[in-house]
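Every read-out reported here was derived from the displayed coordinates using simple, explicitly stated rules and does not represent laboratory data. Here the structure is a predicted model, which is why all the values come from computation and not from measurement. Cβ sites come from the backbone with ideal geometry, for glycine too, and all protein chains shown count toward neighbours.
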Amino acid sequence: MQETHTIVVPDVSAEVRQQLLAFVLQLADTSLILAHRLSEWCGHGPILEQDLAMANISLDLLGEARSYYQYAAELEGRGRTEDDLAYLRSAVEYRNPLLVEQPNGDFAHTIVRQFLYDAFHYHLLLQLQAGPDQQLAAIAEKSVKEAAYHVKWSAEWIIRLGDGTDESRRRVEAAITALWRYSGELTTPSATEQALQQAGFVPDYAAIQQQIDEHVTRVFAEATLPVPQGVFMQKGGKTGRHSEHLGYLLAELQYLQRTYPGLTW
Amino acid sequence: MTVTTNLSLTEDRIWQLLEEVSDPEVPVLSILDLGIVRGVRLEGDEVHVTITPTYSGCPAMNTIATDIRLRLLAEGITRLHIHNQLSPAWTTAWMSEAGKQKLEAYGIAPPQDATGHVLNLFGQEPVLRCPHCQSTNTRLVSQFGSTACKAHYQCNDCLEPFDYFKCH
């Protein structure tokens, strides 16, 4: 590493610090896993411009993940680096919600997964930016500008696909049916998040959910798509109970460091 | 080997040297044109340079840090600390006017002030001038271009594609 990162750790009890570490790792894992999924499209996009768009969004998320992992390493204070945290933790230690580990499927599946996540991500970052944790606020201030481009891109594609051809509509509806059930976990606080909400470090998810609902309803209306109602919501990723997809993803993501520990460019 | 202490070193001199470090992705721009150097501090013979990333995942940041180190090393500056600062977040408003002119001459449309809310969907893009033929009859091809900081446009008159350094 060439540069040093000026990281300010808040003055809190050891217990809150552990909770904060778990939350920052959850944010890091979420960005990293979605970045990896999007990177799988590289060279396979439906057209060149959208291939580039997905690679760009992937890169933004990877940069955001690095900032969180660097902060997590500092919070943990045991000498582990950002790379150790990303490459040497197993699937049960990962804390990303189930949505982001779902396979790419067709382009419509990727777009629906992205839009559901982007809407949450954008509104979460707006809140974190104004939060009491200086480092999280700084990362959010940086990333929210990028997340705004992401949610604009995925919203426009929801509209093109929903209000497009019979085929695009059939595909986007199938993707919504398959993925909507994973959207609730994003704003369902885990025990750790509840504790941090009490301490003021994690924003009120009910308020964020309301902003997401307005955002999604507006975009779906323009896409002429009905907003699903009363769907049973899956959860588990934020407490380490993942779908079978994550193990395969990590096998690829971590292969090099597991096979040649400590390898660098 | 002779060890020399650079007695004449000043913060102004360091800024001059940084002007000679260019962006690896857009080599006509210096890192000062881009507005990513946030501060220079001289403490005895220790030099502190604070930089900020343009985009979170910008792969050029490591190269820029290396280039700063090499340029200052050539002046005998060995005690260099490069700090990476996230907040306040970089914005294209920090790009110098000279930098914007250099960009256009290089074939990249410089950032324009955003006309509407960042989340407006479809057709809210700024009117851009084609850096090749100066026509303003241009269209957005994709918000995401060849690097994280650029969008992809095309001129409807000369038909040339061009990059737009997007507003951020």
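Here is how the numbers come out for the structure above:
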quantity	calculated
Rounded to the nearest 20 debye, dipole of chain A from Cβ charges on Lys, Arg, Asp, Glu	400
Under 16 Å from A:Lys238, Cα to Cα: aspartates and glutamates that are on another chain or at least 8 residues apart	A:Asp29, A:Glu93, A:Glu101, A:Glu185, A:Glu193
For segment B:11-90: span of alpha carbons on each principal axis (Å, largest first)	33, 26, 19
Directionally averaged projected area (convex hull, Cα atoms, segment B:95-165), nm²	4.7
Ellipsoid semi-axes in whole angstrom, largest first, where each is sqrt(5λ) of the Cα gyration tensor of segment A:43-120	28, 14, 11
Antiparallel bridge percentage (DSSP; both residues within the protein assembly as shown; nearest 5)	65
Taking segment A:14-259 and dividing mean pair separation by its residue count, relative contact order in percent (alpha carbons under 8 Å, at least six apart)	26
Debye intensity ratio I(q)/I(0), log10, segment A:1-99, q values 0.11, 0.21 Å⁻¹ (C-alpha model)	-0.38, -1.06
Cα-based shape type of segment A:102-182, given that a ≥ b ≥ c are square roots of the gyration tensor eigenvalues and the cut on a/c is 1.5	prolate
Long-range HN-HN contacts of B:His132 with modeled amide H, under 5 Å	none
Shielding by other protein chains, A:14-24, mean Cβ within 10 Å	0
Shielding by partners, peptide A:139-152 (average Cβ within 10 angstrom, other chains)	5
For B:His48, A:His215, A:His121, A:His44, order by how many other beta-carbon atoms lie within 10 Å, fewest first	A:His44, B:His48, A:His215, A:His121
Relative exposure of B:Phe122, B:Phe144, A:Phe115, judged by other C-beta atoms within 10 Å (fewest first)	B:Phe122, B:Phe144, A:Phe115
Rotationally averaged projected area of segment A:79-125 (alpha carbon convex hull; nm²)	4.6
Exposure proxy order (Cβ contacts within 10 Å, fewest to most) of A:Asp204, A:Asp29	A:Asp204, A:Asp29
Longest site-free stretch - chain A; sites: trypsin sites (Lys or Arg not before Pro), DSSP loop, at most 13 other Cβ within 10 Å	A:79-240
For chain B: relative contact order, % (alpha-carbon pairs under 8 angstrom, 6 or more apart)	18
Residues of type lysines that B:Lys166 reaches as a straight line, Cα spacing below 23 Å, ignoring anything fewer than 8 places off in the same chain	A:Lys142, A:Lys145, A:Lys152, B:Lys100, B:Lys102, B:Lys150
Space enclosed by the convex hull of the alpha-carbon atoms of the protein assembly as shown, per residue, Å³	162
Hypothetical label at A:Val9: residues of segment A:117-156 whose amide nitrogen lies under 16 Å (7 Å Cα-Cβ projection)	A:133-136
Segment A:170-261: radius of gyration over Cα atoms, expressed as a fraction of 2.2 N^0.38 Å	1.41
Spin-label model distance (nm) - A:Val231 vs B:Leu159, 7 Å beyond Cα toward Cβ	4.5
Among beta bridges that DSSP assigns inside segment B:95-165, antiparallel share in %, nearest 5	80
Volume of the Cα convex hull of chain B, divided per residue and given in Å³	121
Rounded to whole Hz, the Karplus (6.51, -1.76, 1.60) HN-Hα couplings of segment B:20-25, x for glycine and proline	8, 8, 9, 5, x, 7
